[in-house]
Structures are given as C-alpha cells and as structure tokens.
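Accompanying notes for the structure given below.
The values are calculated or read from the model by the stated rules, or taken from the named source; none is laboratory data. From a predicted model like this one, the values you see are computed outputs, not experimental measurements. Backbone-built Cβ (ideal geometry, glycine too); neighbour counts: all protein chains shown.
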Amino acid sequence: MADEVLVLAGLWNSGPAHWQSQWEQQHRDWVRVAHRDWETPDRAEWVAELDAAIGCCGQPPVLVAHSLACSLVTQWAASGSARKVAGAFLVAPSDTEAPSYPDCTTGFQPMQLAPLPFPAVVVASSNDPYVTPQRARQFAQAWGAGYVEIGDAGHINGDAGYGPWPEGEQLLQDLLARLAR
C-alpha cells in the first residue's frame with residue numbers, strides 16, 4: 001500500500017464539511033497540496049505547486065483529487081515532469097469546457113484527454129452540475145481509468161452531503177490495495 005497520499009482540493013478549496021477534509025482528520029499523515037490562489041487558479045502555477053509537492057514525497061504518492069483538481073492531475077501528467085505518482089483517485093471531475101463551469105480559471109481548457117501513465121479511478125455522480133455522466137465516462141475512458149458512478153450525488157462534496165463518505169473511502173482503499181499488489 002502506498003504510504004504517501006496527497007489530497008488535491010478543487011476550486012475554492014475543500015471546507016471542513018468536505019470528505020477530503022474529514023479524511024485528512026482521520027489520516028494525519030495525508031498531506032493537502034497548498035495553492036497560493038484558490039479563487040482564480042492558474043494552470044501553470046497549480047501544476048508547479050503539485051509538482052513541488054510530489055517532489056517532497058519519499059516515494060510516488062497516490063493523488064486524491066476532487067473537482068478541478070482532477071483536471072490538475074491530467075494537466076500535471078501532460079506537463080512532462082520526471083516525477084512519478086503511484087495512482088490517482090479522481091472524484092467529480094469538473095468539465096472546464098462546459099458552460100456550467102465557473103469562468104475564473106486560466107489554462108485548464110481544453111480538457112486533457114490523454115491516457116494517464118498511472119492507474120486511476122474516476123468516481124462521478126449522475127447529476128453533477130459541473131460534468132454530465134457522459135463526459136465523466138468519456139474522461140475515464142480517455143484517461144484509461146476505472147469508472148464508478150454513484151447515482152444522484154451532486155458534486156460529491158460537503159454541500160451535497162458527502163462529509164464522512166465511508167463508501168468513497170472504501171473505493172479509495174480498494175485502489176490502494178490494488179496498487180500494493
């Protein structure tokens with residue numbers, strides 16, 4: 001099992017009611033990647049901040065991403081970094097090309113649709129305001145990732161009632177177990 005987990009929050013960060021924050025409370029050794037600007041993210045800056053965080057890990061980490069951070073993972077994978085990650089757990093990937101996506105980011109379009117060079121799982125909702133189920137499936141297929149749709153779960157965040165989210169943590173533990181084999 002991977003010893004290092006980096007938590008990647010999306011646009012505006014993940015507040016205390018969010019499953020990412022609650023999981024971090026349970027797993028004190030997990031580290032949230034910090035960004036200088038959570039309000040108007042710039043792709044180049046976020047990719048550099050993620051790359052630096054990966055570089056601080058003693059071994060390739062597992063990335064636990066939500067929302068815009070799923071795009072960040074794909075942008076980082078396409079950046080040409082020599083650093084490695086063990087895998088990625090990608091929850092509620094926002095479609096930055098969709099009209100519903102907030103217009104406050106720079107450089108996250110177009111969506112990266114190249115295969116990821118590490119194992120990944122995409123977890124999506126059937127009624128996410130930031131990505132349709134069809135696009136979420138398209139992303140998973142393009143990235144070479146497994147796909148799990150959990151039904152009407154909104155944006156799979158604290159506002160949608162996903163605080164502790166033990167089912168999601170089990171999906172992550174399943175990925176970690178596969179990576180350990």
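Some notes on this structure:
- Extreme residue, farthest from the chain's Cα centre (by Cα), among residues of the stretch 90-136 that are within 22 Å of Glu45 (Cα to Cα) and charged (D, E, K, R): Asp103
- Note on the stretch 57-86: residues that are surrounded by 12 or more Cβ atoms within 10 Å (Cβ to Cβ) and either touching a His at 6+ places or on another chain (Cβ under 8 Å) or farther than 12 Å from Gly10 by Cβ (or both) amount to 18.
- Listed here are the strands (runs of 3 or more DSSP E) enclosed by the stretch 1-91 that have at least 2 residues being touching a residue at least 12 places away in the same chain (Cβ under 8 Å), in contact with a Cys (Cβ under 9 Å, 6 or more places away or on another chain) and closer than 21 Å to Phe139 by Cα: 87-91.
- Any hit, the stretch 122-140, residues being assigned to a helix (DSSP H, G or I), among the basic types (Lys, Arg) and under 17 Å from Leu72 (Cα atoms): yes
- Within the stretch 144-175, considering residues that are under 14 Å from Ser125 (Cα atoms) and among the hydrophobic types (A, V, I, L, M, F, W, C), the one nearest to the chain's Cα centre (by Cα): Ile156
- Restricted to the stretch 142-181, and to residues there that are of a type in the set (S, T, N, Q) and assigned to a helix (DSSP H, G or I), the residue that is surrounded by the fewest Cβ atoms within 10 Å (Cβ to Cβ) is Gln170.
- Comparison of Ala136, Ala124, Ala180 shows that the only residue that is out of contact with any Leu (no Cβ under 7 Å at 6 or more places or on another chain) and modelled with pLDDT under 95 is Ala180.
- Single unsatisfied condition, Phe118 versus (1) over 21 Å from Ile54 (Cβ atoms); (2) touching a Gly at 6+ places or on another chain (Cβ under 9 Å): (1)
- Lone unmet requirement of (1) assigned to a loop (DSSP other than H, G, I, E, B); (2) of a type in the set (Ser, Thr, Tyr); (3) surrounded by 15 or more Cβ atoms within 10 Å (Cβ to Cβ) for Ser100: (3)
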